[in-house]
Structures are given as C-alpha cells and as structure tokens.
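Engineer: Below: one structure in structure tokens.
The values are calculated or read from the model by the stated rules, or taken from the named source; none is laboratory data. The structure presented is a predicted model; accordingly, all values stated were derived computationally and were not measured. Reconstructed Cβ throughout: ideal geometry from the backbone, glycine too, with neighbour counts over all protein chains shown.
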Amino acid sequence: MEYPYETEIGELLRQLGIGINYCGHDRMIIAVSIVLDGKPLLTNAIRDIYRATAEKSGCQWSAIERNFRTITHRAWKTNPQRLRELAGYPMKKEPTVTEFIVILTNYILRTQKRNDSNRLRRTENGSHNQQQE
C-alpha cells in the first residue's frame, strides 16, 4: 500500500538512523500517515495508532508498540540533534513514542505548509509578471 507522504517520512527516518532494515520502519510510515490523515486522536495512542497500524501491518499491537519504542530510542541515540531540529524546540531527554510520532507529523505538516506558501507565491508572482507585460 502506498501512503501520500511515504517518501518524506522514510527520508526523515533515514536521517535519524532508521533504515528499512528495521521492522518498525514501514510501520512508523503507516502510523504517521494515519495521523496525517487526521483519523486518530493522540490522546489514546495505543488504541488509535498502534491498533490501526497493527491491523494494516497484519500483526499484534504489542509488536507495534515494541517496534516504535525501539525506533524512538534508536533515533535519539543516533541523531538527537536532527531530532531536535525536526521538533523545532529544545529536547533534553528521549521523547516518548507519542512525542516522536507528533514530531514527525508536525514536521511534515510544517514543511507542506511552507511548500504550499512558496508555490502560491510563485503562482501570484507569475500572474503579476504576466499582467505587467
């Protein structure tokens, strides 16, 4: 199954030291995609994210939880500076899994918003330049 931000999420994971060799790599892509689709409320991550991801991955939610804890720990251990940059705020300790998912999700949304603004600006400038000719 393909997810709209699969490439972007995969690249962020790679920057954090999470390669496709990690069991949770593809599962994290699914989880972040679920959040980006606006389906779950992060107040109940186990029910909303873990179980939905487990269903799409064909495994138990407890395996998802374990994979996500491993990925979060690996990201913090491998590249805490990049994780802080993605978060956009100082971090003194390893994030929880929910925080990690929120960091990735918010970064994708901020990047998308910035890209949309730049695209709109270029379109408006193109229209303005054509009107001047």
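Engineer: Inside segment 50-89, can you point out the residues that are assigned to a helix (DSSP H, G or I), among the polar types (S, T, N, Q) and modelled with pLDDT of 95 or more? Give the derivation first.
Structural biologist: The first filter runs over segment 50-89 and keeps only residues assigned to a helix (DSSP H, G or I), leaving 50-57, 61-78, 80-87.
Now restrict to residues that are among the polar types (S, T, N, Q): 53, 57, 62, 67, 70, 72, 78, 81.
Within segment 50-89, 67, 70, 72, 78, 81 meet the criteria.
Engineer: Let me ask something else. Given the conditions (1) modelled with pLDDT under 75; (2) under 18 Å from residue 11 (Cα atoms), which single one is not true for residue 35?
Structural biologist: (1)
Engineer: Further, regarding this structure: Criterion first (of a type in the set (D, E, K, R), in a loop (DSSP other than H, G, I, E, B) and touching a Phe, Trp or Tyr at 6+ places or on another chain (Cβ under 6 Å)) does residue 94 satisfy it?
Structural biologist: Values: of a type in the set (D, E, K, R): yes; in a loop (DSSP other than H, G, I, E, B): yes; touching a Phe, Trp or Tyr at 6+ places or on another chain (Cβ under 6 Å): yes.
So residue 94 passes the test.
Engineer: Still on this structure, please answer the following. Within segment 70-86, which residues are surrounded by 15 or more Cβ atoms within 10 Å (Cβ to Cβ) and of a type in the set (Lys, Arg)? Lay out the reasoning, then the answer.
Structural biologist: Taking segment 70-86 and keeping what is surrounded by 15 or more Cβ atoms within 10 Å (Cβ to Cβ), we get 70-72, 74-76, 79-80, 83-84, 86.
If the condition is that a residue be surrounded by 15 or more Cβ atoms within 10 Å (Cβ to Cβ) and of a type in the set (Lys, Arg), then 74, 84 are the ones that fit.
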